[in-house]
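Just below is one structure, and these are the notes that go with it.
The values are calculated or read from the model by the stated rules, or taken from the named source; none is laboratory data. Just so it is clear, the model here is predicted, and its values are computed rather than measured. Cβ sites come from the backbone with ideal geometry, for glycine too, and all protein chains shown count toward neighbours.
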Amino acid sequence: MTSYPPTSSSLSAGPSLATRWKLGAFVFVSTTPALGESAGLVATGLGLLILLGSLRRPNPHALQLMLLFVVLILPISIYDLSFSTRIGFVTMSFIAIPVLLFSGFVLSQSTGDTPYLQIYERVFLYIAVPSFIVFVIVAIRPDIAYLFPEYTYRETTHRTAFILNVVMNPDPVIRNAGFASEPGFYQLLVNVALYARLRRLGRPDRICGFYLLVVLSTVSTAGIAVALFLVSTKFDVRYRLLLIALIVIFFGATQEFLLGQYESKIANDAVFGPRFMPSVSAFYFFLDNPLGIGSVEYTLIYQQYDLGSWDSYTQIAMRYGLPGLLGFAVLLGSLGRRYPALLGVFILSFITSPIWFLPAISAFYFPSGRNERATVGTPS
């Protein structure tokens with residue numbers, strides 16, 4: 001039986017440096033919104049072709065998972081195509097979502113004998129460090145953000161240094177979004193890297209401390225809670241006592257931060273209402289359309305009926321109905337059997353972000369590498 005985590009010698013036998021850089025570049029171009037929708041899809045498509053060119057025999061269980069999800073959403077995808085040929089192509093999301101999900105599958109299978117989680121930990125650090133440096137500069141001198149190129153994403157204005165995207169409201173919002181679309185998404189990417197490193201080392205180190213600092217810079221309440229939980233579970237008794245002491249000493253500041261987060265994100269109707277009510281409306285609409293309405297019809301009516309557009313769950317329910325939700329549950333089940341703690345991080349993050357199909361995320365659904373087992377009881 002293969003033990004996990006692998007030894008340092010087995011890690012060194014993973015993909016070459018060139019392969020890791022190729023995978024890191026694919027994670028970046030398939031995640032950042034700064035390239036724009038069209039250019040981003042083209043870059044992702046080119047990256048997908050490159051990965052397919054070097055793809056080895058995929059993990060059989062991963063291939064079964066991918067085929068199962070495709071079969072489940074195939075009827076509604078055919079409906080979308082038929083709808084588009086009649087009224088014109090108002091959205092390409094019904095093609096883009098399956099392609100991006102498939103890209104995550106290919107990404108997960110492009111790591112050779114080394115599980116994708118370990119490769120992700122390595123390549124993400126090379127992106128996170130320069131991104132954080134630029135964020136610190138912008139935090140000190142927010143006016144520098146106005147020198148960056150401007151783009152629009154989901155009706156909000158952003159400035160980008162490509163490794164760092166800055167939300168404008170209308171002035172720079174000093175929250176670290178990294179190369180992702182917004183801080184709530186970026187915290188997930190960082191916490192995954194933190195989890196991967198803690199899982200491999202079995203204890204926090206300086207890089208884990210760096211990841212914790214990056215999560216703090218996102219000012220994401222859920223992200224900070226997850227990061228503290230991940231780190232504290234690997235502390236020995238001395239560090240846990242120190243953590244408790246720090247919480248007691250800085251209780252006033254901690255309480256003020258939590259209260260500020262509650263007032264700005266939950267008690268603030270201008271922020272909470274536009275996110276919560278569309279999800280509620282989408283839930284009731286889903287009950288009336290349990291088989292889904294497809295991506296095309298969803299795009300045509302979601303603003304008119306104030307339907308969900310902020311979370312992953314109502315997005316799937318509206319587009320793909322019960323078959324899509326069933327397929328998604330199977331994918332999450334595959335993730336949970338291998339990485340139970342990571343499943344919790346994903347489930348929480350999907351509440352606020354429709355990011356379930358993006359390759360950097362969806363790659364974790366599929367077992368990859370000979371050392372990654374998809375059986376119940378695998379250590380978390």
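Just to be sure, is G344 within 19 Å of G223 (Cβ to Cβ) and surrounded by fewer than 19 Cβ atoms within 10 Å (Cβ to Cβ)? Taking the combined requirement at face value, the residue satisfies it. Residues in the stretch 161-184 that are touching a Ser or Thr at 6+ places or on another chain (Cβ under 8 Å) and outside any loop (DSSP other than H, G, I, E, B): N165, V166, V167, M168, P183, G184.
Here R57 fulfils each of the conditions (1) surrounded by 12 or more Cβ atoms within 10 Å (Cβ to Cβ); (2) at pLDDT below 90; (3) charged (D, E, K, R) apart from (1).
Scanning the stretch 278-308 for residues that are under 19 Å from P75 (Cα atoms) and not in a helix (DSSP H, G or I) yields N289, P290, L291, G292, I293.
P172 meets the stated requirement of being surrounded by 18 or more Cβ atoms within 10 Å (Cβ to Cβ), at pLDDT 90 or above and either aromatic (F, W, Y) or under 19 Å from V219 (Cα atoms) (or both).
Among residues of the stretch 336-364 that are free of Cβ contacts under 8 Å to residues at least 40 places away in the same chain, those with a Cβ under 7 angstrom from a residue that is among the polar types (S, T, N, Q), sequence gap 6+ or separate chain, pair up as F350/S312. In the stretch 205-214, the count of residues that are farther than 14 Å from L125 by Cβ and buried (at least 20 other Cβ atoms within 10 Å of the Cβ) is zero. Of all residues in the stretch 201-213, those satisfying the criterion of being outside any loop (DSSP other than H, G, I, E, B), of a type outside the set (S, T, Y) and in contact with a Leu (Cβ under 9 Å, 6 or more places away or on another chain) are I207, C208, F210, L212.
Out of curiosity, is L117 assigned to a helix (DSSP H, G or I), modelled with pLDDT under 95 and in contact with an Asp or Glu (Cβ under 9 Å, 6 or more places away or on another chain)? Here the answer is yes, as L117 does meet what is asked.
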